[in-house]
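Colleague: I have a structure I would like to understand better, so I am pasting it below and will then ask my questions one at a time.
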Amino acid sequence: MKSFLNFEFYPKMDAKFMEKSKEIAISNKDKWDIPFFADTTSYLDMNKIKRISNEYLSNQIKNIIVLGTGGSIQTLLALKHLSKKNLYPITSSRAVELKKCLKVTNPEDSVVIPISRGGETLDINSTIGTFVKENYQFIGLSSKGTMYKILEKIGCPILEVPDLSGRFAGSISNVGILPAFLLGVDINNFLEGLNTGYNKFLTFDENPAFNFAAFLYGLYNKGYKAAFSMPYSANLEGSVGLFVQEISESTGKNNKGFIGTYQSAPLCQHSVLEYLLGGSKGIVIPLLWTLENDYGDFPLDSSINFVNGKTAQSVVNYQADATFQALLGQGVPSAKVSIDSPDEFSIGVLISFIQSVVYQLCLLLDVNWSNNPKVIIGKEIGNKALKEMISYEERKKTRENLADIKFQQNFFEQ
């Protein structure tokens, strides 16, 4: 596994802490569902995917437009750089992205794929009709609810979305695999990478994933609550986005958990590094994500002697290691995750690593890794306001009344 993924972290954890962490994880694992995401075959019918996709695989089809958000699209974004066709991820009805997609695609060379497990995601349902009106072709991924009824009326093929935790299911179900297959991603190599990773990572013996989970758990007990990721390649940002969603939605309940965030690196070195090095300590854990060999790497022509001739990515990796060292020099606990390349197999390994880490961290925190009960609160408020055409002034007044109830008048007094 070392040739595919490497996890480096400081400070190191002693054997006593690791043994105690193992005991906690094992004692909590029977409280929650087993990690279904390690099963890469039961939720997939590749023959059906190929059969449904066959008529859309001609050279005429250049664009795959995916209407999905959150877990419905994040795994696909981790594979986006491997696409042989154009991917347009539409995560909501934000006007800029929607209008641009409609401007640069047309119904003759595009396929629209709406995705929703529950079928009631307003962000997705609100955009379907726009593409229907323009006579785009559709393949639906849905099993119930409003979306399923809309897709039935369209008369397009509909494949099942399993009733599983969406953020974990994308890699082993139609949700991520169908659009990835249409995009020309090598699904077999991707699934092989997943299997290889899970065979290594989903154990409670010392391995990179359990080490990472224990590392985060140990820091959580010391008051750290934010995991800030720094991906040093655009080809890692989709996978890091998956980590951000999974660590936030999975651990963040029962007044526990981490907030995951990220900004592209090395850009983040010029925007947030001053805080990480010189600001409040004991809050944020910096996590660096790097590639040893990135796609499209090339030697630089530079007037700087010590840069000239080095490849573009190697210069970036020097900066990553320098930042890692600077953080440690200021006493900031930090970690770095590295994979060899962003090919299908390696991304499969990386996703298996991420999902194993989050699952094991939830066991250590004693929270349900698979649910997200609070997410629907805002959705229900938004749907009600739209249906009842509640005005902006009324919505603002409701917020003011809530704040008066929930926060004391002397909230900010020392």
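Colleague: Rounded to the nearest 20 Debye, what is the dipole magnitude of the range 39-186 about its Cα centre when Lys and Arg each give +1 and Asp and Glu each give -1 at the C-beta? Present the calculation step by step, with values, prior to reporting the outcome.
Modeller: Values: 17 positive and 13 negative charges, 68 e Å.
It works out to roughly 320 debye.
Colleague: List, in order, the whole-Hz ³J(HN,Hα) value for each residue of the range 20-35 obtained from phi through the Karplus relation with A = 6.51, B = -1.76, C = 1.60 and θ = phi - 60°; use x for Gly and Pro.
Modeller: 5, 4, 4, 4, 5, 4, 5, 5, 9, 5, 7, 6, 10, 4, 5, x
Colleague: Quick one: Karplus J couplings for the range 403-412, per residue in order, coefficients 6.51, -1.76, 1.60, θ = phi - 60°, nearest Hz, x for Gly and Pro?
Modeller: Here the 3J(HN,Hα) series is 4, 4, 6, 7, 10, 6, 4, 9, 3, 9 Hz.
Colleague: What longest range of the chain stays clear of loop-exposed chymotrypsin sites (Phe, Trp or Tyr not before Pro) (DSSP non-H/G/I/E/B, at most 14 other C-beta within 10 angstrom)?
Modeller: Result, exposed sites excluded: 1-294.
Colleague: Short version: ³J(HN,Hα) in whole Hz for each residue of the range 235-252, in order, from phi by Karplus 6.51 cos²θ - 1.76 cosθ + 1.60 (θ = phi - 60°), x for Gly and Pro, what are they?
Modeller: Values per residue, Gly and Pro as x: 6, 9, 5, x, 5, 5, x, 5, 4, 4, 5, 5, 5, 6, 6, 7, 8, x Hz.
Colleague: Just want the answer: with Cβ charges of +1 for Lys and Arg and -1 for Asp and Glu, which residue in I128, N410, T261 is farthest toward the dipole's positive end in the chain?
Modeller: So the residue furthest toward the plus end is N410.
Colleague: Quote to one decimal, in nm, the extra length available between E206 and I405 on full extension: 0.36 nm per residue of separation minus the C-alpha distance between them. Walk me through the intermediate numbers first.
Modeller: Numbers: separation 199, 0.36 × 199 = 71.64 nm, distance 4.82 nm.
So the chain would gain 66.8 nm between E206 and I405.
Colleague: Can you give the charge dipole size of the chain about its Cα centre, rounded to the nearest 20 debye, using +1 on the beta carbon of Lys and Arg and -1 on the beta carbon of Asp and Glu?
Modeller: Details: 41 positive and 42 negative charges, 189 e Å.
Using only the charged Cβ atoms, the result is roughly 900 debye.
Colleague: Could you give the length gained on full extension between L386 and S92, defined as 0.36 nm per residue of separation minus the Cα-Cα distance, in nm?
Modeller: 104.3 nm
Colleague: Quote to one decimal, in nm, the extra length available between N188 and V375 on full extension: 0.36 nm per residue of separation minus the C-alpha distance between them.
Modeller: On the way: separation 187, 0.36 × 187 = 67.32 nm, distance 3.34 nm.
Taking N188 through V375 to full extension adds about 64.0 nm, to one decimal.
Colleague: Of the options N199, V332, N189, report the single residue whose Cα projects farthest towards the positive end of the charge dipole of the chain (beta-carbon charges: Lys, Arg +1; Asp, Glu -1).
Modeller: Final value for the positive-end residue is V332.
Colleague: Could you work out the relative contact order of the chain? I mean the mean sequence separation of Cα pairs under 8 Å and 6+ apart, divided by the number of residues, in percent. The partial results should precede the final answer.
Modeller: Details: 676 pairs, mean separation 89.3, N = 414.
That works out to 22 percent.
Colleague: If exposed trypsin sites (Lys or Arg not before Pro) are those in a DSSP loop with at most 12 other Cβ within 10 Å, what is the longest stretch of the chain that has none? Each step should come with its number before you reach the end.
Modeller: Details: sites that count: K2, K12, K84, R94, K222, K374.
Answer from the scan: 223-373.
Colleague: Of the options I177, M13, S165, report the single residue whose Cα projects farthest towards the positive end of the charge dipole of the chain (beta-carbon charges: Lys, Arg +1; Asp, Glu -1).
Modeller: S165
Colleague: Something else now. So if I take the centroid of the Cα atoms in the range 48-99 and the same for the range 245-281, what is the distance between those two points in Å?
Modeller: When both Cα centres are located, 28 Å separates them.
Colleague: 5 Å is the cut-off here: which amide hydrogens, built 1.01 Å from N in the peptide plane, fall below it relative to F138, excluding neighbours closer than 5 in sequence?
Modeller: Distant-sequence amide H within range of F138: V112.
Colleague: Right, next: Counting DSSP beta bridges in the range 172-323, what percent are antiparallel, to the nearest 5? Kindly include the intermediate steps, with their values, before the conclusion.
Modeller: On the way: 1 of 11 bridges.
Counting DSSP beta bridges with both partners in the range 172-323, the antiparallel share is about 10 percent.
Colleague: Taking the DSSP beta bridges in the chain as the whole, what percent of them are antiparallel, to the nearest 5? Could you put the intermediate results ahead of the total?
Modeller: Details: 7 of 38 bridges.
Of all bridge pairs located within the chain, approximately 20 percent are antiparallel.
Colleague: Using label points projected 7 Å from each Cα along Cα→Cβ, tell me how many nm separate Q330 and N6, to one decimal.
Modeller: Calculated label separation equals 2.5 nm.
Colleague: Straight-line reach from K387: which lysines fall under 25 Å, measuring Cα to Cα and dropping same-chain residues less than 8 apart?
Modeller: Reachable lysines: K99, K133, K144, K149, K153, K374, K379, K396, K397.
Bear in mind that the values in this text are calculations on the coordinates, not laboratory data. A quick note: this is a predicted structure, and the numbers were derived from the prediction, not measured. Cβ: placed from backbone, ideal geometry, glycine included. Neighbour counts: every protein chain shown.
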